[in-house]
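Trainee: Take a look at the following structure, please.
Bear in mind these aren't lab numbers, they're just calculated from the coordinates by the rules spelled out. A quick note: this is a predicted structure, and the numbers were derived from the prediction, not measured. All Cβ positions, glycine included, derive from the backbone under ideal geometry; neighbour counts span all protein chains shown.
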Amino acid sequence: MEKLGLVRDIDLALHLPLRYEDETRLTRLRDARDGDTVQVEGVVTDNRIEQRSRRQMLVRLDDGSGEVLLRFLNFYGSQQKSWAPGVRLRVRGELRHGFFGREMVHPTVRIVQADTPLADALTPVYPTSAGLPQAYLRKAVAAGLRRAPLDELLPEALWPEIGLPRRWPSLRDALQALHHPPPSVSLPELEDHQTHPAWQRLKFEELLAQQLSQLQARAERAHLQAPPLRSRRDGLADKLLGVLPFQLTGAQQRVVEEIAQDLAQGRPMHRLLQGDVGSGKTVVAALSAAVAMDAGWQCALMAPTEILAEQHFRKLVGWLEPLGVKVAWLTGSLKAKAKREQIAAVASGEAQLVVGTHAVIQDQVEFARLGLALIDEQHRFGVAQRLQLRRKLESSELEPHLLMMSATPIPRTLAMTFLADLEVSTIDELPPGRTPIVTKVFADSRREEVIARIRDEVARGRQVYWVCPLIDETQDSDAAADQAAGRDSARRKPLDLSNVTQTHADLGEALPGVGVGLLHGKLPAAEKADVMARFASGELAVLVATTVIEVGVDVPNASLMVIEHAERFGLSQLHQLRGRVGRGAVASVCVLLYAPPLSDSGKQRLKAMVETTDGFEIARRDLAIRGPGEFMGARQSGAALLRFASLEDDQPLIEQARRAAEFLLHAHPHIAQRHVARWLGNKSEYLKA
Ligand code: ADP
Ligand code: MG
């Protein structure tokens with residue numbers, strides 16, 4: 001029971017049936033057809049043990065309208081004695097046409113009297129695990145349901161105000177109806193988990209708890225203090241703008257302004273900056289950091305992989321050191337001595353900006369005055385790391401401001417349910433002069449043509465990525481997220497390193513005189529950095545890599561992306577990878593190589609890639625192909641957040657729950673409190689991560 005999470009009474013009460021069996025009525029054998037699963041009642045006319053192909057007990061039952069043979073391959077001697085001729089049995093099973101006429105193999109059997117009443121409700125069949133018999137579980141659930149504290153928290157007087165229809169049952173009645181539906185119930189309506197009032201009520205309760213906890217987190221944040229960071233005219237941010245080799249797009253200007261307004265407040269910013277790959281989020285982060293540093297506070301920029309962190313470090317050093325900013329560098333792979341020095345520079349406040357992986361939030365790291373934390377590609381961080389970050393931020397007297405960045409746009413339902421506690425800024429415009437990427441899909445057998453294309457591209461001075469899947473690549477990213485995201489690659493035979501090293505060797509051979517680099521997570525950090533730097537400088541024309549380059553890598557001269565075994569990647573991951581090209585003015589191409597045969601969802605993903613380059617559209621399709629549970633990946637692996645409601649189907653309920661939550665928090669905070677406690681217990685921590 002513990003394995004199934006059935007510990008408290010309320011857990012049992014919320015353990016809902018998979019399906020139901022109808023033991024509320026008897027079928028006359030004459031009216032039943034072969035193949036029907038029915039309950040019949042009759043008197044035993046014969047009971048014998050026979051040795052046919054194997055030993056078996058044959059019980060003949062007569063219900064007055066017809067006869068059926070009950071056949072048992074496993075049985076006890078005591079059963080033969082008690083199911084003797086003349087005894088009345090109520091049996092339930094599937095009717096089949098056997099060699100000796102009608103039979104049921106291993107029906108469920110109960111000895112009854114002529115006046116034993118029928119069940120007055122459908123019989124629940126619960127999800128269970130080996131060794132936990134259904135009958136035992138049924139009793140436990142029924143007892144749990146009786147004892148669970150399900151008293152109505154929403155007094156009926158409030159129902160009109162919070163938008164609960166009068167015809168909805170109380171929570172207790174709803175659960176009662178779901179566990180023990182009356183014989184009159186419409187089973188299809190109950191089993192599709194949608195419109196039945198009991199389902200609606202249950203889902204509403206759950207969504208209400210979720211909305212309440214989000215709104216509470218937001219309200220708590222409003223009471224926290226953060227340093228007000230006001231931008232100065234001709235300050236560091238303006239100076240940075242002056243040295244940038246480009247003009248901000250209108251969208252970038254707008255989001256910089258939104259962020260600046262938040263920073264100037266005395267309460268902590270909690271903002272998500274979303275923008276498609278290549279929309280220019282890094283410079284927005286740098287400008288925000290400049291504002292904070294100008295006001296005399298430190299900034300931290302965290303990236304999910306070392307390669308990305310390193311790239312940010314170089315870029316920010318290039319932009320900011322000439323303006324007098326000292327930038328520290330912190331990752332897990334630093335040597336002990338270097339690490340101590342960097343940590344000391346952060347602790348003394350000498351370093352105004354620290355860039356790195358999640359090493360930045362480890363316990364030994366103490367900031368002198370952290371004013372702003374920037375998280376790049378935040379969806380790639382696991383729940384545990386997000387919680388660690390929160391704790392780090394909360395430990396200081398004044399909370400720092402927080403800006404998260406993501407190239408995976410959040411569909412509206414997700415934003416409302418999971419991220420209600422977050423402000424969102426969107427960069428909805430790409431920098432000018434980009435030529436849209438053309439995407440092509442080829443079967444793997446056309447590799448030679450693709451290699452010829454690489455030769456042309458390199459001859460024109462362009463650069464090429466060749467990406468191979470490798471599933472045990474978990475070094476910096478969150479393995480659990482990949483698992484939970486159900487990427488196809490995780491389900492198939494894993495590809496090991498030989499795949500990428502072999503491709504590297506093949507390409508080296510096919511392209512004599514061309515610099516071909518190899519990059520994967522198993523290389524030492526220094527070597528990774530070196531390969532990346534040589535590719536960025538153009539010394540290497542071709543980079544064969546695993547998905548370590550998936551997020552954020554920025555080499556604008558790269559114009560061709562080849563993705564091998566593209567069918568093994570998730571859609572948003574393909575989009576991220578493709579986003580490594582098309583970053584300059586040159587027309588770029590993305591070639592998706594696949595190994596036939598393609599699964600249906602594989603086909604859909606490749607088709608989506610060909611049809612659109614718009615990240616929002618990709619996210620929409622990804623959600624449609626994978627469903628929200630998998631879409632949320634890491635977040636869900638931390639805690640099962642929505643058990644009953646569905647983000648896709650219950651949009652109206654979500655909105656309704658949102659309005660109810662706002663009303664309750666305002667007018668009846670005690671009810672709100674008790675409701676959240678009942679539903680979330682200690683899980684509410686996760687919701688804030
Ligand atoms: P992402 O949003 O994917 O993190 P980056 O910040 O890496 O995108 O920016 C992608 C590329 O576009 C970088 O080479 C960056 O220097 C460049 N870039 C950013 N903003 C502009 C702009 N306004 N005009 C031209 N190029 C820009
Ligand atoms: Mg980026």
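Trainee: So in segment 60-139, what percent of DSSP beta bridges are antiparallel if you round to the nearest 5? Walk me through the numbers before you get to the answer.
Mentor: Working: 10 of 13 bridges.
Around 75 percent antiparallel, to the nearest 5.
Trainee: Label-point separation (nm) for residue 451 and residue 267, each offset 7 Å from Cα along Cα-to-Cβ?
Mentor: Using points 7 Å along Cα→Cβ, the separation is 6.2 nm.
Trainee: Ok, one more. Only counting other Cβ atoms within 10 Å, I'd like 310, 23 sorted with the fewest neighbours first.
Mentor: With the fewest neighbours first, 310, 23 line up as 23, 310.
Trainee: Hey, rough spin-label estimate for residue 146 and residue 363, points 7 angstrom out along Cα→Cβ, what's it come to in nanometres?
Mentor: 4.8 nm
Trainee: What ratio of Cα Rg to 2.2 N^0.38 Å holds for segment 163-285?
Mentor: 1.83
Trainee: Once the piece of chain linking residue 192 and residue 624 is laid out straight, how much longer is it, given 0.36 nm per residue of separation minus the C-alpha distance between them? Intermediate values should be presented prior to the final figure.
Mentor: Values: separation 432, 0.36 × 432 = 155.52 nm, distance 1.90 nm.
That pair, residue 192 and residue 624, stretches by 153.6 nm at full extension.
Trainee: Quick one: check the C-alpha center-to-center distance for segment 547-581 versus segment 109-143, whole angstrom.
Mentor: 54 Å
Trainee: Restricting the count to DSSP beta bridges whose residues both fall in the chain, what percent are antiparallel, rounded to a multiple of 5?
Mentor: Among the beta bridges of the chain, antiparallel pairing accounts for roughly 35 percent.
Trainee: Over the Cα atoms of segment 12-144, what is the Rg over Rh ratio if Rh follows Kirkwood?
Mentor: Looking at segment 12-144, the ratio lands at 0.99.
Trainee: Could you tell me how far the Cα centroid of segment 599-619 sits from the Cα centroid of segment 221-264, in Å?
Mentor: If you average the Cα positions of each part, the centres end up 35 Å apart.
Trainee: Another question about this same structure. Where does each of 445-451, 267-273 land if you order them by average Cβ count within 10 Å, highest first? All intermediate terms of the calculation are to be shown ahead of the outcome.
Mentor: On the way: 445-451: 13.1, 267-273: 21.6.
Those peptides, ordered most packed to least, come out 267-273, 445-451.
Trainee: Pairwise over distinct Cα atoms, reciprocal of the mean inverse distance: report the Kirkwood radius of the chain in Å, one decimal place.
Mentor: Kirkwood hydrodynamic radius for the chain: 29.3 Å.
Trainee: For segment 1-77 and segment 178-209, what is the separation of their C-alpha centers, rounded to whole Å?
Mentor: With segment 1-77 and segment 178-209 each reduced to a Cα centre, they are spaced 27 Å.
Trainee: Same structure again: Which order do the peptides 576-588, 119-131, 509-521, 199-211 come out in when sorted by mean C-beta neighbours inside 10 angstrom, highest first?
Mentor: 199-211, 576-588, 509-521, 119-131
Trainee: Compute the angle between helix 525-537 and the longest alpha-carbon principal axis of the chain, please, reported from 0 to 90 degrees and rounded to the nearest 10.
Mentor: Helix 525-537 sits at roughly 60 degrees to that axis.
Trainee: Could you order peptides 49-62, 293-306, 8-21 by the average number of other Cβ atoms within 10 Å of their residues, highest first? Write out the running numbers ahead of the final one.
Mentor: Details: 49-62: 14.4, 293-306: 23.8, 8-21: 18.3.
So the order, starting with the most tightly packed, is 293-306, 8-21, 49-62.
Trainee: Sticking with this one: Principal axis extents for segment 149-229, Cα atoms only, whole Å, descending order, please.
Mentor: 65, 28, 23
Trainee: Let me know the charge dipole size of the chain about its Cα centre in debye, to the nearest 20, where only the beta-carbon of Lys, Arg (+1) and Asp, Glu (-1) is charged.
Mentor: Here the chain has a charge dipole of around 980 debye.
Trainee: Which order results if 380, 620, 460 are arranged by neighbouring Cβ count within 10 Å, fewest first?
Mentor: 460, 620, 380
Trainee: Normalise the Debye intensity by I(0) for segment 307-365, one equal point scatterer per Cα, no solvent, then take log10 at q = 0.24, 0.28, 0.29 Å⁻¹ and round to two decimals.
Mentor: Relative scattering, expressed as log10 I(q)/I(0), comes to -0.99, -1.24, -1.28.
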